[in-house]
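The block underneath contains the structure these notes are about, expressed in structure tokens.
The values are calculated or read from the model by the stated rules, or taken from the named source; none is laboratory data. Bear in mind the structure is a predicted one, so any value in this text is a computation, not a measurement. Virtual Cβ from ideal backbone geometry, glycine too; neighbours counted across all protein chains shown. All accessible areas refer to the heavy atoms of the entire protein, side chains included, with ligands and DNA or RNA removed. Shrake-Rupley method; radii C 1.70, N 1.55, O 1.52, S 1.80 Å.
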Amino acid sequence: MKAIVVTDQAAGTAGMRLVERPEPQAAINDVVVQVHASGFVPTELAWPSTWTDRVDRDRTPSIPGHELAGAVTALGYGTTGLSVGQRVFGLTDWYRDGTLAEYVAVEARNLAPLPGDVDFAVGASLPISGLTAWQGLFQHGRLQAGQSVLAHGAAGAVGSMVTQLAREAGAYVIGTGRAPDRQKALDFGANEFVDLENDALEDVGGVDLVFDVIGGDIQKRSAGLIRAGGTLVTIVGPAEARPADGLAIDFVVESDRAQLSEIVQRVRDGRLRTNIGNVSTLDDAVAAFNPTERRTGKTIIRVRP
Ligand SMILES: NC(=O)c1ccc[n+]([C@@H]2O[C@H](COP(=O)([O-])OP(=O)(O)OC[C@H]3O[C@@H](n4cnc5c(N)ncnc54)[C@H](OP(=O)(O)O)[C@@H]3O)[C@@H](O)[C@H]2O)c1
């Protein structure tokens, strides 16, 4: 099969190569999926799991990409709940070969059925950003209707999902980003927008939940805005700041079939809009990962045109 591999961490996306690899076999409780579309998070070449296995052994050449939509072609021993030919989408294991390939082996529990009226590219755009927003807001942030959320990077892949899900849950959402992101963030439902490069973040006043996708100084200043009993949720590494009277939570998204189904149902009935940025074929993907102009949203590779 065709697949994109990485071998050299220092080379970044420029070191990615399209090669021939053996098709994966389905292990216990796995399915093999013929990938129709794959999502890619630009930062994943900096994640240790792209380069080593769970006991820190080199696993290069490894295949990046952890989001997919496609069709099941084989079941491993003991696999239940999915069938050959079924349309699926989901989030694959960080430490296994990923989805920038024509086929991938993945544990069935990491996938959910993809309804027939949802395009594969849309399906592949949802798992990481949708699940991260869902888990950060509702599991870790315990968001309640009537609360206020500071949604950083609101025009980005995760931030646009945070903004929409928080609004739907009855929260007041203050989106942030760069100046050109204002209208996009408002279109995704932000009640107001803070341009982090030109506006004063501190003018926001108090919020109940900060959803941090940026880290550093912005995370620290945001922690200072959190009301008593509020929460800082961050997805960019161990929390570096803590609210004076509240919780700080960092987490890594996990796949969840029920949550994937909730998310795709919202896309079908119009409550949630996906946020797709660059789209390319597998052959052109390496160039697409090195874009010449700024474009916000999820990077999608149509593996099977
Ligand atoms: N822990 C987890 O489970 C998890 C899950 C998903 C994602 N992540 C991480 O979360 C981060 C965001 O992911 P994503 O897919 O949403 O990325 P994304 O689509 O690039 O969105 C991030 C947005 O924030 C903006 N932004 C970043 N720094 C900014 C700054 N200093 N001022 C103003 N705007 C700024 C970006 O604009 P520019 O592009 O112009 O910088 C972009 O619009 C990544 O680091 C990713 O690795 C973690």
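Please work out if I249 is more than 22 Å from F138 (Cα to Cα), in a strand (DSSP E or B) and at pLDDT 95 or above.
Criteria not met by I249.
Could you please find all residues in segment 157-169 being open to solvent by less than 40 Å² (accessible area, probe 1.4 Å), touching a Gly at 6+ places or on another chain (Cβ under 7 Å) and not β-branched (V, I, T)? Passing the criteria: A157, G159, M161, Q164.
Sort through D195, D217, D212 and tell me the only one that's farther than 29 Å from L260 by Cα, within 16 Å of the ligand (Cβ to nearest atom), of a type outside the set (A, V, I, L, M) and open to solvent by less than 30 Å² (accessible area, probe 1.4 Å).
It is D195.
Considering only residues in segment 83-114 that are touching a helix residue (DSSP H, G or I) at 6+ places or on another chain (Cβ under 6 Å) and surrounded by fewer than 19 Cβ atoms within 10 Å (Cβ to Cβ), the one that is farthest from S129 (Cα to Cα) turns out to be Y95. So which residues in segment 235-248 are more than 23 Å from L272 (Cβ to Cβ) and either buried (at least 19 other Cβ atoms within 10 Å of the Cβ) or in contact with a Leu (Cβ under 9 Å, 6 or more places away or on another chain) (or both), if there are any at all? Scanning segment 235-248 gives A239, A241, R242, P243, G246, L247, A248.
Which one of these is assigned by TED's automatic domain parsing to the domain that holds D117, in a helix (DSSP H, G or I) and of a type in the set (A, V, I, L, M, F, W, C): A37, A11, A26, A74?
Details: A37 fails: in a helix (DSSP H, G or I); A26 fails: in a helix (DSSP H, G or I); A74 fails: in a helix (DSSP H, G or I).
Unique residue meeting the criteria: A11.
Among residues that are modelled with pLDDT under 95, polar (S, T, N, Q) and within 16 Å of the ligand (Cβ to nearest atom), T50 is not included.
Applying the criterion of being touching a strand residue (DSSP E or B) at 6+ places or on another chain (Cβ under 8 Å) and more than 6 Å from the ligand (Cβ to nearest atom) to the residues of segment 147-161, the residue that is nearest to I276 (Cα to Cα) is A154. Across segment 198-208, the qualifying residues are those that are more than 16 Å from the ligand (Cβ to nearest atom) and surrounded by 15 or more Cβ atoms within 10 Å (Cβ to Cβ), and the one among them that is farthest from D250 (Cα to Cα) is V207.
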